[in-house]
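Undergrad: Following this message is one structure expressed as structure tokens.
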Amino acid sequence: MTTRSLGDILAPAKVRRLGPGRSLPVLSMTMRRGLVDQEDKFVKSVSSDDKRDYKVVDRGQLVVGFPIDEAVLAFQRLYDEGIVSPAYGVWDLTATDVHRGYLERYLRGPRAVEFYRAKLRGSTARRRSLPASVFLSMPVPVPEESEQRRIAAILDQVDELRAKRRRTLALLDELRTGLLEPLQGRGRVGLREHIEFLTSGSRGWAKYYSSGGTPFLRIQDVGKDRLATSDLVRVNAPPSMEAERTRVKAGDVLLSITADLGRTAVVTPELAGANVSQHLALLRLKGVSPRYVSAYLSSSSGVQQLMKMNRGATKQGLNFDDVRSIRIPRLEDDEQGALVRQLEAIDESVARAESHLDHLDELFASLQHRAFTGQL
């Protein structure tokens, strides 16, 4: 395997503008999928109505977006000609012995990203840039072309498996939504009838963060009807009424009240005894399934209701009166039980898919490292 500078492989393409009187497909850059049709990425066009200055990109040319340290770049494989934002860079592959798939994998890989981050110029995070001369100075390992094709094919196969797992997770989320949306037409009951205890956390817990102690639940730990436990912080707080008041029990519902309305979760038994931050309301319920309430509040209908409560010139979140005034669809106990069982079945499928995706991510990272260090 030889090492060559990127300047021996790429050259800046001659800039061609769309100009007046022409129409070509508008392409957008994505982090995972590379270049895509803009209409596939957005419901409506986000590009300027006047596209005369947009750059024309031929099939096989490399498009480099920004910020480059997020590896937003790809070869154009969709059309004989397309157009991209005037802000994007367009490059020609000049080396005849370098395979596009291999080069794209390297330029999007961790070694290249490390190079970009070390060489970026500027002081504003997402506006930092990489001069063309620095970009072209990057060293690239180049094995024989047949080896390049083999490496690209292996990485493509694993990446496609990762894409399938992500599609599975998206479909499971749609299935979950499909269970909850029909509830919009049901009669409503006020949540205040089911609230046994309502409180929220308070400020000042950060000074008690420690490597051990009691779990402390923040707004970022609460997702869409689920708790994320991979990045929990812990606190060693002195005993106080405040700590006791904000200590959760299994089955409590947590609801975001200051930002990202619609984040909800039910406290699991292993997190019983944790404390909560001031951004979360703690609801202890009676006569209704906590999981049902959490699922509904994170649904589109539930989030819309919370957002309506948050409107107003001076409102910056929900207060306890807002929380008590929430109305949920009226379901009989057996209906709640059936819904919860279906949601739990989806949870199990999500957990399996996420576990598989984690393993595939680890495999992909390992293969990338081995591929570009001559060990694959």
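Undergrad: Express the carbon and sulfur contribution to the solvent-accessible surface of the range 183-261 as a percent, rounded to the nearest whole number, probe 1.4 angstrom. Don't jump to the answer; show the numbers that get you there.
TA: Numbers: 2050 of 4230 Å².
Exposed carbon and sulfur together represent 48 percent of the surface.
Undergrad: Still on this structure: In Å², what does the accessible area per residue of the chain work out to with a 1.4 Å probe?
TA: Values: 19800 Å² over 376 residues.
On a per-residue basis, the chain sits at 53 Å².
Undergrad: If each of ASP97 and PHE197 carries a label point 7 Å out from its Cα toward its Cβ, how far apart are those two points in nm?
TA: Inter-label distance under the simple model: 7.3 nm.
Undergrad: Determine the relative contact order of the range 1-157: mean sequence separation of Cα pairs under 8 Å and six or more apart, normalised by residue count, in whole percent.
TA: Details: 263 pairs, mean separation 46.9, N = 157.
30 percent.
Undergrad: Could you tell me how far the Cα centroid of the range 221-241 sits from the Cα centroid of the range 147-197, in Å?
TA: The two parts, judged by their Cα centres, are 24 Å apart.
Undergrad: Which number comes out as Rg/Rh for the chain once both Rg and the Kirkwood Rh are worked out on C-alpha atoms? Kindly include the intermediate steps, with their values, before the conclusion.
TA: Details: Rg = 25.9 Å, Rh = 24.5 Å.
Expressed as Rg/Rh, it is 1.06.
Undergrad: Same structure again: So what is the relative contact order for the chain, in percent, with contacts set as C-alpha pairs under 8 Å and at least six apart?
TA: On the way: 608 pairs, mean separation 57.7, N = 376.
Relative contact order comes out at 15 percent.
Undergrad: How compact is the range 47-147 by the rule of thumb for globular proteins, expressed as Cα Rg over 2.2 N^0.38 Å? Present the calculation step by step, with values, prior to reporting the outcome.
TA: Working: Rg = 14.5 Å, N = 101, 2.2 N^0.38 = 12.7 Å.
For the range 47-147, the normalised Cα radius of gyration comes out at 1.14.
Undergrad: Something else now. Tell me, what does the Kirkwood hydrodynamic radius of the range 137-178 come to in angstroms if you use every pair of distinct C-alpha atoms? Write out the running numbers ahead of the final one.
TA: Details: mean 1/r = 0.0776 Å⁻¹.
Averaging 1/r across every pair of different Cα atoms and inverting gives 12.9 Å.
Undergrad: Within the chain, what's the longest stretch lacking GluC sites (Glu not before Pro) that sit in DSSP loops with no more than 13 other Cβ atoms inside 10 Å?
TA: Values: sites that count: GLU144, GLU332.
Answer from the scan: 145-331.
Undergrad: From the helices alone, meaning DSSP H stretches of at least four residues, give me the mean residue ellipticity at 222 nm for the chain, per-run term -39500 (n - 2.57), in deg cm²/dmol to the nearest 500.
TA: On the way: 10 runs with 131 residues, N = 376.
Calculated at 222 nm, the ellipticity per residue is -11000 deg cm²/dmol.
Undergrad: Just the number, please: carbon plus sulfur as a percent of the accessible area of the range 54-159, 1.4 Å probe, no ligands or DNA/RNA counted.
TA: On the way: 2300 of 4900 Å².
Its accessible area is 47 percent carbon and sulfur atoms.
Undergrad: Keeping all protein chains in the complex and leaving out DNA, RNA and ligands, what accessible area do you get for ASP8 with a 1.4 Å probe, in Å² to the nearest 10?
TA: 90
Undergrad: Which order do THR2, THR246, THR177 take when ranked by solvent-accessible area (1.4 Å probe, heavy atoms of all protein chains), largest first? Could the numbers behind the result be given before it?
TA: Working: THR2 80, THR246 0, THR177 50 Å².
Result, largest first: THR2, THR177, THR246.
Undergrad: Right, next: If you rank MET1, MET29 by how much accessible surface each has, with a 1.4 Å probe, what is the order from largest down?
TA: Working: MET1 120, MET29 15 Å².
The most accessible residue leads, giving MET1, MET29.
Undergrad: Shape call for the range 139-286 from the C-alpha gyration tensor, a ≥ b ≥ c root eigenvalues: rounded (a/c under 1.5), prolate (a/b greater than b/c) or oblate?
TA: Details: a/c = 3.73, a/b = 1.61, b/c = 2.31.
The shape class here is oblate.
Undergrad: Between GLN184 and LYS286, take the C-beta separation as r, use R0 = 35 Å, and let me know the FRET efficiency to the nearest 0.05. Provide the component values of the computation, followed by the final result.
TA: Values: r = 25 Å, r/R0 = 0.70.
Efficiency computed from Cβ-Cβ geometry: 0.90.
The values are calculated or read from the model by the stated rules, or taken from the named source; none is laboratory data. Keep in mind the model is a prediction, meaning the values are calculated, not measured. Glycine also receives a Cβ, built like all others from the backbone with ideal geometry; neighbour counts cover every protein chain displayed. Please note that ligands, DNA and RNA were not included when accessible areas were found on the heavy atoms of the full protein model with its side chains. Shrake-Rupley method; radii C 1.70, N 1.55, O 1.52, S 1.80 Å.
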